[in-house]
1. Fully extended, how many nm does the chain gain between Val144 and Lys132 (0.36 nm per residue separation, minus their Cα-Cα distance)?
2. What does DSSP give for the chain in terms of the percent of beta bridges that are antiparallel, rounded to the nearest 5?
3. How much length, in nm to one decimal, is gained on full extension between Gln42 and Phe27, taken as 0.36 nm per residue of separation minus their Cα-Cα distance?
4. Which value in nm describes the separation of the simple spin-label points at Asp67 and Arg120, placed 7 Å from the Cα toward the beta carbon?
5. Can you show me the helix-derived [θ] at 222 nm for the chain, built from DSSP H runs with n ≥ 4 at -39,500 (n - 2.57) apiece and divided by the number of residues, rounded to the nearest 500.
6. Along the three principal axes, how long is the chain when you take its alpha carbons, biggest first, rounded to the nearest angstrom?
7. From the backbone phi of segment 124-135, what are the Karplus-calculated ³J(HN,Hα) couplings (6.51 cos²θ - 1.76 cosθ + 1.60, θ = phi - 60°) in whole Hz, Gly and Pro given as x?
8. What dipole magnitude, in Debye to the nearest 20, does segment 3-154 give about its Cα centre under +1 on Lys/Arg Cβ and -1 on Asp/Glu Cβ?
Amino acid sequence: MTIEELLNHTRLTNLRMQYEREGMLPFIGSIVPEAEDMELDQAQWKVAAGITDEELNFISGIRLRSDNAFYEVHYSIDYALEGCPAAEVGDELICEFFSRVAFFAVYPYFRASISQQAARIEEPAPLLPIVKAGDVSFNSMNIVRADTGHDSEQSEE
């Protein structure tokens, strides 16, 4: 199956914030010790996926540190999977779908959330760059498959 074929079988059904936190360093460092060791303005992304014969779901999160603050936000993105058994959708295709479709659906929300968090703690907002197709590739994520009952870690080789 190709990404184009998968697009014909999916429909965005939900996009929602799952979790957020922000704080000033060093206070937040007592809660998230690794925050102080993060590189400045270098986003750390995590993505996981779940697939059944009815749905393709993603949870994605970003962590970001600025000079004086730490930000973390997680969003879930749900797609209906129609007329396509989960067994026909390989792990590599799930990663490609997130990289080329789901990421671009949710990325503007991450940018807005980080700006809102910075405003709450009265810090200058770190700017996430504008991203174009082809700029990002998520080749590593935990994928939970209901058809096998197993988790798999899809990663670059």
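Just so you know, all these numbers are worked out from the coordinates, no wet-lab data involved. Keep in mind that this is a model prediction, so the values were computed, not measured. Using ideal geometry, Cβ is built from the backbone for each residue, glycine included, and neighbour counts are taken over all protein chains shown.
1. Contour length minus Cα-Cα distance gives 1.5 nm.
2. 90 percent
3. Fully extending the segment from Gln42 to Phe27 adds 3.4 nm.
4. Result for the modelled spin labels: 2.3 nm.
5. -5500 deg cm²/dmol
6. Answer, in whole Å and largest first: 49, 27, 26 Å.
7. Here the 3J(HN,Hα) series is x, 6, x, 8, 7, x, 6, 10, 10, 3, x, 6 Hz.
8. For segment 3-154, the charge dipole is close to 480 debye.
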